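Presented below is the structure to which this report refers.
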Amino acid sequence: MVSWIAGFTILIVKLAIVLLFLVGAAAYLVWVERKFLARLQVRYGPNRAGPFGLLQPLADVVKMIAKEDTVPEGADRVLFLLAPAVVAATAFLMFSVVPFGKDLTLWGKSIPLVVTDLNIGLLFVFAMSSLGVYGVALGGWASNSKYGLLGGIRGAAQMISYELSLGLSLVPVVMLAHSFSIMDIVQAQAKYPFILVQPVAFLIFIISAMAESKRIPFDLPEAENELVAGFHTEYSGMRFGLFFLGEYVHIIVFGGIVSVLFLGGWRGPWLPPIAWILIKIFLVALFMIWVRGTLPRLRYDQLMALGWKVLIPLALLNILATAVVGLLV
């Protein structure tokens, strides 16, 4: 009984730490993005709320909470109110299988530095990512707005399309690690990170991850010059903020997934393991921000052609090549 209570308490503590980390990191990733994009565009960015604008995320949260939370006339009220929570919640749940380091020994007990080490952790990530589609599609449909509906349909089509290339890109990683457990995949990179032997899979995954996160150049579900704000056009207040929280948590989550699947996870010289995983997550997120400030938005036909005609066939060829090399070696 005591052991069960201790295990449950440790789980709750780990959940609280991860939740606070994700909320804080997502808030300040917005600040990093605004400052970094400002420098790329030769301007200052946020610099009024606190020194260097460091209190800008707090000011944004206060503004969102203070705004009126409206529901459009004719909207499906229940689905309209739940959709933002689905997007944010699935993003949070995906991070529950990302390990931060080796097991921590405390009071003679070994505590894994991951919320839960599932033997099908990779499949769990894809399941949560797929459920996020419902938040986007239902949010657009329930708004009773043609702009929201078009944005929701675009978002669903885009996320389903790139979910295929995202999943296929990781089949060679599973073949190399012989496991769906993310902890086992990190352990399999003890000698070298998988990016060295699977650069094609890494490239496909990072492009698909940006498309899944609906980031420029893949932000067609929002496309301000066409759809006002797409699937979240009719949202206001904190529910509008939840969509953006989900987007930036997705960036952090995919940064963590890229780190543990291709960059060796917490492995690295000199620094503590948790420092390495955080550095790698930050660098992946910074890369996504840099791409946003560099490339123009794709047309919708170009977006679909890239996914179905380029990434999926390339991922299938990479699986075949990995299998052939595995048999020969």
For n ≥ 4 DSSP H runs only, could you compute -39500 (n - 2.57) per run for the chain, divide by its residues and tell me the 222 nm figure to the nearest 500? -22000 deg cm²/dmol
Partner lysines for LYS309 [C-alpha distance under 27 Å; skip if fewer than 8 residues away on the same chain]: LYS214
Mean Cβ neighbour count within 10 Å, used as a protection proxy, ranking 129-136, 301-308 highest first: 129-136, 301-308
Take peptides 85-97, 272-284 and line them up by average Cβ neighbours within 10 Å, highest first, as a rough protection proxy. 85-97, 272-284
Dipole of the chain (Lys/Arg Cβ +1, Asp/Glu Cβ -1, origin at the Cα centre): which of VAL186, LEU40, LEU170 lies farthest to the positive side? LEU40
So which lysines can LYS191 reach, going by Cα to Cα under 21 Å and dropping same-chain residues fewer than 8 places off? LYS102, LYS280
What's the magnitude of the charge dipole for the chain around its Cα centre, counting Lys and Arg as +1 and Asp and Glu as -1 at the beta-carbon? Answer in Debye, nearest 20. 780 debye
Which residue, MET288, MET183, MET175, has the most motion in a Gaussian network model of the chain that connects Cα atoms within less than 10 Å? MET175
Excluding the sites themselves, what is the longest stretch of the chain that contains no GluC sites (Glu not before Pro) in a DSSP loop with at most 13 other C-beta atoms within 10 Å? 74-329
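Let me have the relative contact order for region 137-209, percent, based on Cα pairs under 8 Å that are six or more residues apart.
29 percent
Before anything else, pin down the relative contact order of the chain: Cα pairs under 8 Å, at least 6 apart, normalised by residue count, whole percent.
On the way: 488 pairs, mean separation 75.0, N = 329.
RCO, the chain: 23 percent.
Each reported figure results from applying straightforward, stated rules to the coordinates on display, with no laboratory input. These numbers were taken from a predicted model, which means no experiment stands behind them. Don't worry about glycine lacking a Cβ; one is built from the backbone with ideal geometry, like all the others, and counts go over all protein chains shown.
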